[in-house]
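Undergrad: Quick one: the structure is below, questions incoming.
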Amino acid sequence: MKPLAQDPTLNDFGHDPWWIVLIKVVVVFAFLVVMTLFAIWYERRVVARMQVRPGPNRNGPFGLLQSLADGLKLAFKEDIMPKLADKAVFFIAPVISTVCAFTAFSIMPFGPVVSLFGHKTPLQLTDIPVAVLLVLACSGLGIYGVVLGGWASGSTYPLLGGLRSSAQMISYEVAMGLSIVAVFMTSGTMSTSGIVAAQAGSDTHWGPITAPSWYAILLLPSFVIYFVSAIGETNRAPFDLPEAESELVGGFHTEYSSLKFALFFLAEYINMVTVSALCTTLFLGGWRAPWPISLWAGANSGWWPMLWFTIKILLLLFVFVWLRGTLPRLRYDQFMRFGWKVLIPANLIWIVALSGIKTLQKSDWDGTKRTMVVVGVVILLLIVALVWPSKKEPEKLTVADQIAARPDGSFPLPPLDLVVPVNPRAKRITASREEPVTVGAPDDSTGPKEA
Amino acid sequence: MKDISLPHLNYAALAPMLILFGVACVGVLVDAFAPRKARYPIQLVVALVGLIAAFVAVVLRAGKVTAENAITAAGAVSVDKPALFLQGTLIVLGAVALLLIGERALERGGPFVAQAAITVGSDADQRQAARESGATEVFPLTIFSLSGMLLFVAANDLLTMFVALEVFSLPLYLLCALARRRRLISQEAALKYFLLGAYASAFFLFGLALLYGFAGGITFAKINESAQNGTGNITLLYAGLALVSIGLLFKAAAVPFHVWTPDVYQGAPTPVTSLMAACTKVAAFGGLLRVLYAGFDRVHWDYSPIIAAIAVLTMLVGSILAVTQTDIKRLLAYSSIANAGYLLVGVLGNSALGLSSVMFYLVAYGFTVIAAFAVITLVRDADGEATHLSRWAGLGRRSPFYATVFTVILLSFAGIPLTSGFTSKFAVFSAAGGGDQSWLVIVGVVSSMILAFPYLRVVVMMWLSEPGEQTPSVSLPGMLTSAALVIGVVITIFVGVAPQPLLHLTSEAANFIR
Amino acid sequence: MSLSPYVPIVGLFALAALFALFSVAIAPFVGPRRYNRAKLDAYECGIEPTPQPIGGGRFPVKFYLTAMLFIVFDIEIIFLYPWAVSFNQLGVFGFIEMILFIGTVFVAYAYVWRRGGLDWD
């Protein structure tokens, strides 16, 4: 399937009259606000289903108006300005976060060229040659909101939370930035409409099935890394360390209340929508309908693509929620290690490998030469893997040594041969099963789930 | 989409820089993967072998360079004869300074600290001062710095020059902070150098932007062409030239951009000071010469009076303040400032003669100053180097050999005939005289007479005073320091007695290609 | 009259800024105000607050290291993007140059890794 004539290219942008631009701006803005309200409700309902409880179901049909009600409630809460806060920065930080979150969405492609009040215009606010960079720039600037908000609060928890978030976001921004290099390499453009067009479809057909053209399949490692780092970038579970309640209360927004808090919340959810939309655009074929639907000729024209785009975003959001409902939070050092020691080197190696393969494909070498190159690279990698120095594990000290090494004045230790009393619940359960009482791991899987 | 034309790279011309850069990367890897004990010997060998290889590459290239094949890498680099001469000078001076940096016989663990980030005076600090041998990162850092300098003197546009400026400056900032003894003053020196250096880089960058606005390009050829045709805004040209010059004169330690020099020279580990005094000076003047000669040849008459004023100020301030110094390292710092003044006088010759005389001066001064700092590393007591001048009193009685060596070096600094100091000063002053700057020559001679006073005072102190309780002993130098000292002194005397070969070489090389 | 493709970005930016500024500006007037000294103190879990000094206190030097590493890699990415976009036109030369570039950054990366710069604690 060749890209259709109605596919927008970079030349199609910048011809809208001002009123169409205005309409589009308002629509994108409204889309994001509605998506946020919806996503909050969606997340709460989905996570509730996973935890076998109803979730919000009071306000409106299926509780759909719950987040709207929450938002209105927040507006009528007291706006607290802590005594030690840096007033101006405290005031401006949520604005930075929110504005950056909104602006990042301006280049997302919703669909092909449609007719709007007689004007041919692409279903996309705008597109520029460096569109994806704009998203990265906005997400980078958004970090300022977080770190400044934490710093300006004049309090310990927000400061640490803000620093943690910024360290986390910049670490995962590197991984995210590297993961989309492969997309640019394959598509040869950084404009979002161009990337969507590049995924339009291949000419290879296997019977009724067209060979996959989505970068999620062609560039699977990039896709996986992008999605993982997107979760880290948006501070979502299992990477929600900045807001680790058990350690940092609320993280950078501990001191925020009322509408300022609401803005941070809004920015976080918009960021989620943005990374999902970017993921859709870069890896999941953008607004194009997936295979079975695409058999219907009208699927990729007119206003329908907006639906496919939104559905794809919602599916990705579902994965976000799913992860939150499933995985426990990582420890901070594990988290940073994962970002720096796994994602980044894996990314770089993947980029080098991909560019090597592509260069080899383009070269006019014959089969033997190519095979030799491939074999040579493989041997080189094996040698590197053999020579790579493995870190020596430090010798494990015995318990007695550890006790001897304690400085004077340490806390007294309980006796090492202390017999742990049996957990009464475990005793009850095992007794009902008429099995001998064991000490150690009590089987509490039958206990009530925490709601 | 337009086709992208790939730049042509002349690898033979770029080889010295590429070799040094590669060697520095290897050094980093050695530091990452080699076992702790093996690092020092490996690093030393790798660095010296790299420098020798780079020097061979320079020599090989020197035979083949022509006006046509000098410019490469899409016009960013011009490996012409002056560039090759300066690169060769930098490599040799760098190698000699590296010998001092690598010396570990004088002090347990060498002149560098193992972990510079440990709080000064803490328990951990005392432990590492006593036991741990110094950081081996100094070798790759030195080589990185040298590779930056090599690029700096060969840069054919301002942007490449700026990148090279940063590449050679950043490792130097770090090296300054790594002294094993007197760590606070060392860290202070590094911070001052860094902050002022960053400031100067910013000036350079602003100037670059303005010159781009003037000429619509950043290569020297383009700037020169625009200045010749009179196209472009002349205010931008002057403002840009002034700002770029500030950045370069800062590195060259010319007054009024010299204030960092005494503190940094004093605080930095002495081997690093020698590297800065010799190599940074070569690089800074190499860059200044290229900017003024290749880029702004056409506005020569406009900038000359200002550079001349700076030269006069530099010579006078350097020499007069040198008189009041009581610390030998600070004394040499002010002497280095005054020498920057003499070099500027040579720069104003504005001819092939000016260029060759400045290059001659840089070689002669570089070797002498390294030898001087080598002696300073030897004069020590229990607290490390004894740099206060009063401590040097009566050194001639304690160890006449090293006192003699230092006397030769000081006489060379003072410009006494039969030393390199005389021939090099003669060269720059005659170049300036030829360029109608006779009054500068008079100021130069007067200031060298002033500057001779502090040198001779040290000589008198060493020989005519009785050694007191406080007079430190001279440590027996290790092989590396001995080698550096011998090279420095021999070249000082050789260039003084028989300057012809070097003069021939410099006048052969004196032709910039932009 | 048509507008430059950058104008809509400014438009969305302006609308978002208006909305956000309006929200933070009206927040003190819409909500109630009930004075309570404890409310204005820095938040701590029930203990006497140890507020940060004005302008922020000292925090682990580790964060600076992360920031520096970020800059190194972000600059690498900035160089990788234009290369990736024009990858198809650059051919073998571009491939080798980029291998060298990535390799150089990798040297620094290996050094930092071995020296424990990537370990938290």
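Undergrad: Take residues that are closer than 23 Å to residue B:485 by Cβ, out of contact with any Asp or Glu (no Cβ under 9 Å at 6 or more places or on another chain) and not polar (S, T, N, Q) and tell me which of the helices (runs of 4 or more DSSP H) falling wholly in region B:3-117 contain 1 or more.
TA: B:36-62, B:81-102
Undergrad: I'm checking my understanding of the structure. Among residues of region A:148-204 that are aromatic (Phe, Trp, Tyr) and facing chain C (nearest Cβ under 9 Å), which one is nearest to residue A:354 (Cα to Cα)?
TA: Selected residue: A:184.
Undergrad: Separate question: Could you please give the count of residues in region C:73-105 that are among the aromatic types (Phe, Trp, Tyr), at the interface with chain A (Cβ under 7 Å from one of its Cβ atoms) and over 17 Å from residue A:180 (Cβ atoms)?
TA: 1
Undergrad: With respect to residue B:74, is the statement that it is on the phi > 0 side of the Ramachandran plot and either buried (at least 23 other Cβ atoms within 10 Å of the Cβ) or among the small types (Gly, Ala, Ser) (or both) true?
TA: Considered against the rule, which asks whether it is on the phi > 0 side of the Ramachandran plot and either buried (at least 23 other Cβ atoms within 10 Å of the Cβ) or among the small types (Gly, Ala, Ser) (or both), residue B:74 comes out as yes.
Undergrad: Which of the residues spanning region B:89-145 are within 14 Å of chain C (Cβ to nearest Cβ) and aromatic (Phe, Trp, Tyr)?
TA: B:139, B:144
Undergrad: Ok, one more. When the residues of region A:83-96 are narrowed to those that are at pLDDT 85 or above and facing another protein chain (nearest Cβ under 7 Å), which ends up surrounded by the fewest Cβ atoms within 10 Å (Cβ to Cβ)?
TA: Among them, the one singled out is A:91.
Undergrad: Being more than 15 Å from residue A:94 (Cβ to Cβ) and of a type in the set (Phe, Trp, Tyr) is the filter here; which residues of region C:5-36 pass it?
TA: Of everything in region C:5-36, those that are more than 15 Å from residue A:94 (Cβ to Cβ) and of a type in the set (Phe, Trp, Tyr) turn out to be C:6, C:13, C:29, C:35.
Undergrad: Please go through region A:347-377 and pick out each residue that is loosely packed, with under 10 Cβ neighbours inside 10 Å and in a helix (DSSP H, G or I).
TA: A:361, A:367, A:368
Undergrad: Hey, among A:56, A:82, A:8, which residue is touching a residue at least 12 places away in the same chain (Cβ under 8 Å) and closer than 30 Å to residue A:301 by Cβ?
TA: A:8
Undergrad: So, in region B:430-488, exactly how many residues are in a loop (DSSP other than H, G, I, E, B) and not aliphatic (A, V, I, L, M)?
TA: Qualifying residue count for the region: 14.
Undergrad: Checking residue A:176 against (1) surrounded by 24 or more Cβ atoms within 10 Å (Cβ to Cβ); (2) over 22 Å from residue A:348 (Cα atoms), which single condition isn't satisfied?
TA: (2)
Undergrad: Among the listed residues B:89, B:136, which satisfies the condition of being within 20 Å of residue B:270 (Cβ to Cβ) and surrounded by 23 or more Cβ atoms within 10 Å (Cβ to Cβ)?
TA: Matching residue, one of B:89, B:136: B:136.
Undergrad: For region C:56-72, check the following and say yes or no: at least one residue is modelled with pLDDT of 80 or more, facing chain A (nearest Cβ under 9 Å) and over 30 Å from residue B:31 (Cα atoms).
TA: For region C:56-72, residues modelled with pLDDT of 80 or more, facing chain A (nearest Cβ under 9 Å) and over 30 Å from residue B:31 (Cα atoms): absent.
Undergrad: Moving to a separate point now. So for region A:70-92 (the condition being touching a Leu at 6+ places or on another chain (Cβ under 8 Å) and under 26 Å from residue C:10 (Cα atoms)), does at least one residue qualify?
TA: Yes, region A:70-92 has at least one match.
Okay, residues lined up against (1) within 14 Å of another protein chain (Cβ to nearest Cβ); (2) in a helix (DSSP H, G or I):
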position	(1), (2)
A:24	yes, yes
A:40	no, yes
A:53	no, no
A:72	yes, yes
A:81	yes, no
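Undergrad: Can we say residue A:400 is surrounded by 13 or more Cβ atoms within 10 Å (Cβ to Cβ) and out of contact with any Phe, Trp or Tyr (no Cβ under 9 Å at 6 or more places or on another chain)?
TA: The answer is no for residue A:400.
Undergrad: Now for a separate question. Just to verify a result, which residue in region B:152-178, among those that are outside any loop (DSSP other than H, G, I, E, B) and in contact with a strand residue (DSSP E or B) (Cβ under 7 Å, 6 or more places away or on another chain), is nearest to residue B:222 (Cα to Cα)?
TA: The residue in question is B:157.
Undergrad: Take the residues in region B:152-162 that are closer than 16 Å to residue B:14 by Cα and more than 14 Å from the chain's Cα centre (by Cα); name whichever of them is surrounded by the most Cβ atoms within 10 Å (Cβ to Cβ).
TA: Step by step, filter region B:152-162, then rank; the result is B:154.
Undergrad: Among the helices (runs of 4 or more DSSP H) lying completely within region A:106-200, list those that include at least 1 residues that are closer than 20 Å to residue C:58 by Cα.
TA: Here the list reads A:131-152, A:156-179.
Undergrad: Is it true that residue A:386 is free of Cβ contacts under 8 Å to residues at least 40 places away in the same chain and assigned to a helix (DSSP H, G or I)?
TA: The answer is yes for residue A:386.
Undergrad: If a residue counts only when it is touching a helix residue (DSSP H, G or I) at 6+ places or on another chain (Cβ under 6 Å) and modelled with pLDDT of 90 or more, which helices (runs of 4 or more DSSP H) contained entirely in region B:349-416 have at least 2 such residues?
TA: The qualifying helices (runs of 4 or more DSSP H) are B:352-378, B:400-414.
Let's see how each residue does on (1) touching a residue at least 60 places away in the same chain (Cβ under 8 Å); (2) polar (S, T, N, Q):
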{"position": "B:155", "(1), (2)": "yes, no"}
{"position": "B:170", "(1), (2)": "no, no"}
{"position": "B:173", "(1), (2)": "no, no"}
{"position": "B:183", "(1), (2)": "yes, no"}
{"position": "B:186", "(1), (2)": "yes, yes"}
{"position": "B:190", "(1), (2)": "yes, no"}
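Undergrad: Based on this model, can you work out whether residue A:129 counts as crowded, with 22+ Cβ neighbours inside 10 Å and modelled with pLDDT under 90?
TA: no
Undergrad: Out of (1) of a type in the set (Val, Ile, Thr); (2) modelled with pLDDT of 90 or more; (3) in contact with a strand residue (DSSP E or B) (Cβ under 8 Å, 6 or more places away or on another chain), what's the single condition that is false for residue B:474?
TA: Unmet condition: (2).
Undergrad: Okay, next question. For region B:29-83, how many residues meet the condition of being under 21 Å from the mean Cα position of the chain (by Cα) and within 14 Å of another protein chain (Cβ to nearest Cβ)?
TA: 0
Undergrad: Tell me which residues, restricted to region A:125-136, are within 15 Å of residue C:12 (Cα to Cα) and either out of contact with any helix residue (DSSP H, G or I) (no Cβ under 8 Å at 6 or more places or on another chain) or within 8 Å of another protein chain (Cβ to nearest Cβ) (or both).
TA: Correct list: A:125, A:126, A:127, A:128, A:134.
Undergrad: For residue A:99, are the conditions met, namely being touching a residue at least 12 places away in the same chain (Cβ under 8 Å), out of contact with any Lys or Arg (no Cβ under 9 Å at 6 or more places or on another chain) and either within 20 Å of residue A:236 (Cβ to Cβ) or within 14 Å of another protein chain (Cβ to nearest Cβ) (or both)?
TA: Criteria not met by residue A:99.
Undergrad: Quick one: in region C:1-41, which of the residues that are more than 7 Å from chain A (Cβ to nearest Cβ) and not in a helix (DSSP H, G or I) is surrounded by the fewest Cβ atoms within 10 Å (Cβ to Cβ)?
TA: C:35
Undergrad: Could you tell me whether residue B:324 is of a type outside the set (A, V, I, L, M), over 22 Å from the mean Cα position of the chain (by Cα) and over 17 Å from residue B:251 (Cα atoms)?
TA: So residue B:324 fits the description; yes.
The values are calculated or read from the model by the stated rules, or taken from the named source; none is laboratory data. In this text the structure is predicted, and so the values were computed from the model without any measurement. When we count neighbours, we look across all protein chains shown, and the Cβ atoms used for this are built from the backbone with ideal geometry, even at glycine.
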